[in-house]
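Notes to accompany the following structure.
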Amino acid sequence: MKIETFKYDNSIVRAFSIASVVFGIVGMLVGLLAAVQIYFPAANLGLPFTTFGRIRPLHTNAVIFAFVGNAMFAGIYYSTQRLCKARLFSDVLSWIHFWGWQAIILSAAITLPLGITTSKEYAELEWPIDLAIALVWVVFAINFFGTLAKRRERHMYVALWFYISTVITVAVLHIVNSFELPLSWLKSYSVYAGVQDALVQWWYGHNAVAFFLTTPYLGLMYYFLPKAANRPVFSYRLSIIHFWALIFIYIWAGPHHLLYSALPDWAQSLGMVFSLMLIAPSWGGMLNGLLTLRGAWDKVRQDPMLKFMVVAVTAYGMSTLEGPLMSIKSINALTHFTDYTIAHVHTGALGWNGFLTFSMLYWLIPQMYQTKLWSTKLANAHFWIGLLGMTFYVLPIYWGGVTQSLMWKQFNAEGFLQYPNFLETLLNIIPMHMLRSIGGSLYLTGVILMVINLLKTAGQGVFLANPEAQAPALKDQVEHAEAPHSYHHRWLEKKPMIFTVLALVAILIGGLVEAVPTFLIRTNIPTIASVRPYTPLELQGRDLYIREGCVGCHSQLVRPFRSETERYGTYSKAGEYVYDHPFLWGSKRTGPDLHRVGKKYPDAWHVKHMENPTSTSPGSIMPPYPWLLTRKLDTKATQKKITVMRKLGVPYPDGFEFTALDDLKAQAKSISDNLKQTGAPVEADREIIALIAYLQRLGTDIKAASQGGTL
Amino acid sequence: MEGLGGHIAAYPIISLVIFVSFFIGAILWALSLSRSHVNHMSQLPLDSQAGEKPHE
């Protein structure tokens, strides 16, 4: 048997690790800035670029795709090489992957503060960046599958299956959710509208959590936890069931983000049932992780890497129990649109992704620098500060979320809303937001301690860029004796391509079952005769609403509860959104719902409110938007916007695009004239005029026909 | 529900059948593995690697 000698590539692992930490700190700082703005809006320094609506997506994109993304690539590249006993397929592809990904992050960091966004959560980046993501992902896929192809270990360990499912599913999700029709280089519209757009977006959003934040990290857990504990995983059989059950079920659960929405009821129920079923594989995986430590719990006391790992796996267990519970419709009625959801995702992000990343880095850096960790004490300090920070982050806003929701739903003895003023329910929980930002600061402090520790570790060691290893070539290896019934999965573990196809089939089934009827069956989205396309000015206003990230704090979805129809007006119907490219339902109500805001206030109120929200709503934490009153509306693309919308199926009459600009000017003039008469004069060509046109239109199409609300 | 050539009623049933059979398949699969193979697989991350020290 011929033994081959080869070298692993540690340089690429180090590069991704550094990028993860650097962007992690940036992402957390932006998160902190956003958190502070909740109780101190002036922290945006009066600039459009640093205002909550624009930096909230910057924060989420930075921590998901830059912090977790880079850490995931570092971990995948390190473990895949070892599990395959082969160097990565191509050094050139590795570095294209690295620099390509960093360029994408940089372009996100530039475009999002500029208000260049599609507004679809975790998919905010505009179409040229979407294309770049697809290309870089293909490079990653070639590099990854190429490494599998030249492996010297016949069987693929379970970590590799999780990576395979990540590579293919993220590609599918990204492509399907990014179908958009470009208006220009920096602006596009989703090809889906309203309910269908919502279904696709949350099929994507939910599974981005599944296949970007969960499956790759489960692979890392199955690789690094046994290493840390120095013993094999508790049950390899359980890991097989964990894998197939998880990837199969996860994909069905997306509609749990749309409970009590205008999505067809059957799809909501499907999402809820499959979410509950997800507890089984998730907890199977968590227990498999924790039980790996059986007999090694004494090590957890001394070893910071294991401490981080244990909390990470426990946080995974907690958030995967909580998620399904939040998918039960009656619980969702309480938690949805509140800070409870924010706390939930941070249990996952800070606990599961953050702590697992830290655990991995505390192991990788000393290994690659052939030395010991500089200070175990400092790592322990990081652990406790991080844990304390996490607790201070999540507990206050869990509490605050439930409190606020109960206040929204509270009726007095006469049957009226106890707290009819939304602001009152928000100001009540401001102290919780202050505590939350203290928690976030503590967590960030811990990360900085880690950076010091890892830099010192690197300083005292020597980096081993290309460690040498030896293994026999695959073709020379003799299969070890087989038991008679072990054929099937063994066979599959030897065939990466067939394995990949099967995993792809498993993830496609759930998506198709939900999407096909929603798209094909007309009765699922009943049309409403009085719902008309937006006017050109309203369309422009809608784009401003998207640019400023209003959707980050305001939903456009009144749920069918008496507490909501009393507060906002009649509940939202699927047919009202048929011209909404993209949908703007939102997922969080830091401010009130806006779906029925049309005609609720006079135009002049909106001018004053945008200029200084506290003038109309004392105590408001909404940032002022004075630039909307001074900037001129860019109307150059008006004609093209109509054409693009028509291509997407919006029934503007033939030739309307040629008169659209006149139509826009006429509507703007009437609003401006009205404002002059009511003591808030604004020129007709300012941005705010378009925004007012849009806001005054919202939810009014069916208002005349229905008397359900008390607006 | 109508559409899909009038066969939409079969849709939930098909989903259920796919779902249940998928799970039974996965469980049978896992159970059918031999002990020696399972041991071999679970040792893979622990194989001593070039340039790596065992974790203390």
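Need pairs with beta-carbon distance below 6 Å; first residue under 16 Å from A:Glu548 (Cα atoms) and without any contact (Cβ under 8 Å) to a residue 60 or more places away in the chain and within segment A:589-613, second in a helix (DSSP H, G or I) and open to solvent by less than 50 Å² (accessible area, probe 1.4 Å); sequence gap 6+ or separate chains.
These pairs meet every condition: A:His609/A:Thr616; A:Glu611/A:Leu629.
Which one is nearest to A:Trp384 (Cα to Cα), of the residues in segment A:452-464 that are open to solvent by 40 Å² or more (accessible area, probe 1.4 Å) and of a type outside the set (Gly, Ala, Ser)? Break it down into steps so the answer makes sense when it comes.
Taking segment A:452-464 first, the residues open to solvent by 40 Å² or more (accessible area, probe 1.4 Å) are A:452, A:455-456, A:459-460, A:462-464.
This time we only want the ones that are of a type outside the set (Gly, Ala, Ser), so: A:452, A:455-456, A:460, A:462-464.
On the way: A:Ile452: 16, A:Leu455: 20, A:Lys456: 20, A:Gln460: 25, A:Val462: 29, A:Phe463: 29, A:Leu464: 31 Å.
Selected residue: A:Ile452.
Could you list all residues from segment A:108-158 that are of a type in the set (Val, Ile, Thr) and closer than 30 Å to A:Gly194 by Cβ? So that I can check it myself, show each step before the final result.
Start the filter on segment A:108-158 by keeping residues that are of a type in the set (Val, Ile, Thr), which leaves A:110-111, A:116-118, A:129, A:133, A:136, A:138-139, A:142, A:147, A:158.
Once the filter is applied, which keeps residues that are of a type in the set (Val, Ile, Thr) and closer than 30 Å to A:Gly194 by Cβ, segment A:108-158 yields A:Thr111, A:Ile116, A:Thr117, A:Thr118, A:Ile129, A:Ile133.
Need the failing condition index for B:Ala30 against (1) modelled with pLDDT of 80 or more; (2) farther than 30 Å from A:Leu512 by Cα; (3) touching a helix residue (DSSP H, G or I) at 6+ places or on another chain (Cβ under 6 Å), just the number.
(2)
Every residue, every condition in (1) at pLDDT 95 or above; (2) farther than 30 Å from A:Arg589 by Cβ; (3) surrounded by 15 or more Cβ atoms within 10 Å (Cβ to Cβ), yes or no:
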| site | (1), (2), (3) |
| --- | --- |
| A:His609 | yes, no, yes |
| A:Ile621 | yes, no, yes |
| A:Thr630 | yes, no, no |
| A:Thr635 | yes, yes, yes |
| A:Arg646 | yes, yes, yes |
| A:Asp663 | yes, yes, yes |
| A:Asp673 | yes, yes, no |
| A:Lys676 | yes, yes, no |
| A:Ala690 | yes, no, yes |
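When you go through (1) in a helix (DSSP H, G or I); (2) crowded, with 20+ Cβ neighbours inside 10 Å one by one for A:Trp374, which number turns out not to apply?
Answer for A:Trp374: the failing condition is (1).
Quick check on segment A:289-301: of everything there that is in contact (Cβ under 8 Å) with a residue 60 or more places away in the chain and not β-branched (Val, Ile, Thr), which residue is most open to solvent (accessible area, probe 1.4 Å)? Don't jump to the end; show me each part of the working.
The initial filter retains those residues of segment A:289-301 that are in contact (Cβ under 8 Å) with a residue 60 or more places away in the chain, namely A:289, A:292-296, A:299.
When the remaining residues are screened for being not β-branched (Val, Ile, Thr), the result is A:289, A:293-296, A:299.
Numbers: A:Gly289: 2, A:Leu293: 2, A:Arg294: 110, A:Gly295: 66, A:Ala296: 0, A:Lys299: 52 Å².
The residue in question is A:Arg294.
Residues in segment A:389-410: is at least one over 29 Å from A:Trp352 (Cα atoms) and either free of Cβ contacts under 8 Å to residues at least 12 places away in the same chain or part of a loop (DSSP other than H, G, I, E, B) (or both)?
There is at least one residue in segment A:389-410 that is over 29 Å from A:Trp352 (Cα atoms) and either free of Cβ contacts under 8 Å to residues at least 12 places away in the same chain or part of a loop (DSSP other than H, G, I, E, B) (or both).
I need a count of the residues in segment A:643-681 that are over 29 Å from A:Tyr192 (Cα atoms), assigned to a helix (DSSP H, G or I) and in contact (Cβ under 8 Å) with a residue 12 or more places away in the chain. Break it down stepwise before answering.
Restricting attention to segment A:643-681, the residues satisfying the condition of being over 29 Å from A:Tyr192 (Cα atoms) are A:666, A:669-681.
After this cut, where a residue has to be assigned to a helix (DSSP H, G or I) as well, the list is A:666, A:669-677.
Those still in the list that are in contact (Cβ under 8 Å) with a residue 12 or more places away in the chain too: A:669, A:671-672, A:674-675.
The qualifying residues number 5.
For segment A:123-177, give me the residue count where each residue is away from chain B (no Cβ under 14 Å), in contact with a Ser or Thr (Cβ under 7 Å, 6 or more places away or on another chain) and of a type in the set (Phe, Trp, Tyr).
Matching residues across segment A:123-177 total 2.
Would you call A:Leu387 more than 14 Å from every other protein chain (Cβ to nearest Cβ), of a type outside the set (S, T, N, Q), over 21 Å from A:Thr60 (Cβ atoms) and open to solvent by 20 Å² or more (accessible area, probe 1.4 Å)?
Spelling it out, A:Leu387 is indeed more than 14 Å from every other protein chain (Cβ to nearest Cβ), of a type outside the set (S, T, N, Q), over 21 Å from A:Thr60 (Cβ atoms) and open to solvent by 20 Å² or more (accessible area, probe 1.4 Å).
Could you give me the residue pairs with C-beta distances under 7 Å whose first residue belongs to segment A:450-470 and is within 14 Å of chain B (Cβ to nearest Cβ) and in contact (Cβ under 8 Å) with a residue 24 or more places away in the chain, whose second residue is of a type in the set (Val, Ile, Thr) and open to solvent by 70 Å² or more (accessible area, probe 1.4 Å) wherever it lies, and which are 6+ apart or on separate chains?
Matching pairs, first to second residue: A:Glu468/A:Thr5; A:Gln470/A:Ile3; A:Gln470/A:Thr5.
Have a look at A:Ser90, A:Ser107 and point out the one that is open to solvent by 10 Å² or more (accessible area, probe 1.4 Å) and under 24 Å from A:Gly146 (Cα atoms). Quick ask: steps written out before the conclusion?
Details: A:Ser107 fails: under 24 Å from A:Gly146 (Cα atoms).
The match here is A:Ser90.
Can you tell me which residue among B:Ile24, B:Ile18 is more than 8 Å from chain A (Cβ to nearest Cβ) and either in contact with a strand residue (DSSP E or B) (Cβ under 6 Å, 6 or more places away or on another chain) or modelled with pLDDT of 75 or more (or both)? Don't jump to the end; show me each part of the working.
Details: B:Ile18 fails: more than 8 Å from chain A (Cβ to nearest Cβ).
Matching residue, one of B:Ile24, B:Ile18: B:Ile24.
As an exercise: evaluate A:Leu83 against (1) within 14 Å of chain B (Cβ to nearest Cβ); (2) open to solvent by 40 Å² or more (accessible area, probe 1.4 Å) and give the number of the one condition it does not meet.
Of the numbered conditions (1) within 14 Å of chain B (Cβ to nearest Cβ); (2) open to solvent by 40 Å² or more (accessible area, probe 1.4 Å), the odd one out for A:Leu83 is (2).
What tally of residues in segment A:550-569 results from selecting those that are open to solvent by less than 20 Å² (accessible area, probe 1.4 Å) and either out of contact with any strand residue (DSSP E or B) (no Cβ under 9 Å at 6 or more places or on another chain) or assigned to a helix (DSSP H, G or I) (or both)?
Of the residues in segment A:550-569, 7 are open to solvent by less than 20 Å² (accessible area, probe 1.4 Å) and either out of contact with any strand residue (DSSP E or B) (no Cβ under 9 Å at 6 or more places or on another chain) or assigned to a helix (DSSP H, G or I) (or both).
The values are calculated or read from the model by the stated rules, or taken from the named source; none is laboratory data. Just so it is clear, the model here is predicted, and its values are computed rather than measured. Counting neighbours? That spans all protein chains shown, and the Cβs are built from the backbone with ideal geometry, glycine included. Accessible surface is based on the protein model in full, side chains and every heavy atom, while ligands, DNA and RNA are left aside. Shrake-Rupley method; radii C 1.70, N 1.55, O 1.52, S 1.80 Å.
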